[in-house]
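Report on the structure given below.
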Amino acid sequence: MNNEFVTYAITGFARLKQQALSWANQFNICCFLDSNNYPHQYKSYECIAGVGALELIEASSGNALQKLKEFQQQHKGWLFGHLGYELKSEIEALSSSHPDFINFPDLFFFVPQVILLLNENELVISSRSTMSTRQIFDAITSTELNENEIYAPTNIDFTERFSKAEYVTTIELLKERIHRGDCYEINFCQDFFASSAKIDPLKVYKLLIEVSPVPFAAYYKINDKYLLCASPERFMKKVGNTIIAQPIKGTGKRNLADKKRDDENKTKLFGSSKDRSENIMVVDLVRNDLSKVCVEGTVVVEELFGIYSFPQVHQMISTICGQLKDDIDFAEIIRNTFPMGSMTGAPKKKVMEIIEENEKISRGIFSGAVGYISEAGDFDFNVVIRSILYNSSSQYISYLVGSGITFYSNAEEEYEECLLKAKAIKQVL
């Protein structure tokens, strides 16, 4: 069944965006993706949302991608959803025994009842629900926001699963693995968690994005499971036959109080041999992944070592593009490119084994990807980082942070980089 879109002119974009998000949150399942006015490359929509589920697929690692392929063949229209990190066990014949306290599915996609496309001057709506597009538009524009309400989450006492001493010791062990030649780089993550945490996920998300407005933000809800995501990173986008990947490797501090020092931090990041070596490593990995699904000779590095500024950090981002082979479907692309190299390291399979040996919990949806697939088969997915994970039934909340470990890494500095990446989350919670 095709989606018919109806366009409505709007005024007051910022307010309407908040109304659309609040309206979407009434549904048990919603995926609200927001660019936050960031002028990033290859942007298609300022905001796009899938709301409510007509049909859905939920699968565990094993034959999840085959199930997704069959689901797509049955449902030719738009899909929204996510790929969890644990799909790596299916893709690379690995295993995982770590606990997962949030319990997002390894793979989840849904056919939306309502699609919202929001830009500065218009709201475009498609409805396959019992409501017409006009009824939905009226419902959104009449949604009350309580704009004078000040929300402050109850102070949450987070526990770090690794003490700083344990973290430093683990990094030194990982450097030994690199020195032995087991691998070149490892993305190692640690988590901070709390039980009996009571939050309003929507309000916490709004606070998070207020502090850290980034181009690949997501408010993602599956019943009692919430992802509040302030990601600056794109995993992969497809437009026609062109595939685009934009991995991040390299993080620098911001100094918003002093422009000169802030610019010096950018220059320092651009010239950092450590960050460049990490970045070139992931670029080579992505080039290799894309070469499996692209026409020979078409994979190119469009930009190397690009420095982009976000509210909390400067990031080194490279862009790799290629032209897809004919008849390559979404599941096949994912099978050859996921998990993203920026969240594993290189070589990919070996470092995922090492990650499993040294991390203490399942990453779950963290290090995965959230996004959409259009009716035409185009898609856009982020990298799930800088995120709060929350299960409202168990009242368990956590956030994970990581960094790329090379032989030249300084364990103390890597620990500080993790805290820097979590700055916005700590500020909110």
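Observations on the model:
- Residues that are within 18 Å of the chain's Cα centre (by Cα) and surrounded by fewer than 20 Cβ atoms within 10 Å (Cβ to Cβ) within segment 227-258 comprise just one, Ile244.
- Among residues of segment 73-84 that are at negative phi, those with a beta-carbon under 8 Å from a residue that is open to solvent by less than 10 Å² (accessible area, probe 1.4 Å) and in a helix (DSSP H, G or I) at least six positions away or on a different chain give the pairs Leu83/Ile334.
- Scanning segment 73-89 for residues that are outside any loop (DSSP other than H, G, I, E, B), open to solvent by less than 30 Å² (accessible area, probe 1.4 Å) and not hydroxyl-bearing (Ser, Thr, Tyr) yields Leu79, Phe80, Gly81, His82, Leu83, Glu86, Leu87, Lys88.
- Which numbered condition Phe162 misses (of (1) buried (at least 16 other Cβ atoms within 10 Å of the Cβ); (2) outside any loop (DSSP other than H, G, I, E, B); (3) within 28 Å of the chain's Cα centre (by Cα)): (2)
- When residues in segment 347-358 are screened for being of a type outside the set (Val, Ile, Thr) and within 20 Å of the chain's Cα centre (by Cα), 2 of them pass.
- Test result for Ser61, surrounded by 18 or more Cβ atoms within 10 Å (Cβ to Cβ) and without any contact (Cβ under 8 Å) to a residue 60 or more places away in the chain: yes
- Residues that are touching an Asp or Glu at 6+ places or on another chain (Cβ under 8 Å) and closer than 22 Å to Ala422 by Cα within segment 219-251 comprise Tyr219, Arg234, Gln246, Pro247, Ile248, Lys249, Gly250, Thr251, listed in sequence order.
- Of the residues in segment 348-358, not one is part of a loop (DSSP other than H, G, I, E, B) and within 19 Å of Ala245 (Cα to Cα).
- Given (1) in a loop (DSSP other than H, G, I, E, B); (2) hydroxyl-bearing (Ser, Thr, Tyr); (3) open to solvent by less than 60 Å² (accessible area, probe 1.4 Å), index of the condition Ser95 fails: (3)
- Going through (1) within 30 Å of Ser393 (Cβ to Cβ); (2) in contact (Cβ under 8 Å) with a residue 24 or more places away in the chain one by one, Phe137 falls short only on (1).
- Options Tyr151, Tyr219, Tyr205: the member that is part of a strand (DSSP E or B), in contact with a Leu (Cβ under 9 Å, 6 or more places away or on another chain) and at negative phi: Tyr219
- Selection within segment 318-347 - charged (D, E, K, R), part of a helix (DSSP H, G or I) and either crowded, with 17+ Cβ neighbours inside 10 Å or at pLDDT below 95 (or both): Arg335
- Neighbours by Cβ (under 6 Å, 6+ apart or cross-chain): first from segment 411-424, in contact (Cβ under 8 Å) with a residue 60 or more places away in the chain and buried (at least 17 other Cβ atoms within 10 Å of the Cβ); second of a type in the set (Phe, Trp, Tyr) and assigned to a helix (DSSP H, G or I): Tyr415/Tyr167
The values are calculated or read from the model by the stated rules, or taken from the named source; none is laboratory data. Since we're looking at a predicted model, the values are computed, not measured. Virtual Cβ from ideal backbone geometry, glycine too; neighbours counted across all protein chains shown. These area figures cover heavy atoms from the full protein model, side chains too; ligands, DNA and RNA do not enter into them. Shrake-Rupley method; radii C 1.70, N 1.55, O 1.52, S 1.80 Å.
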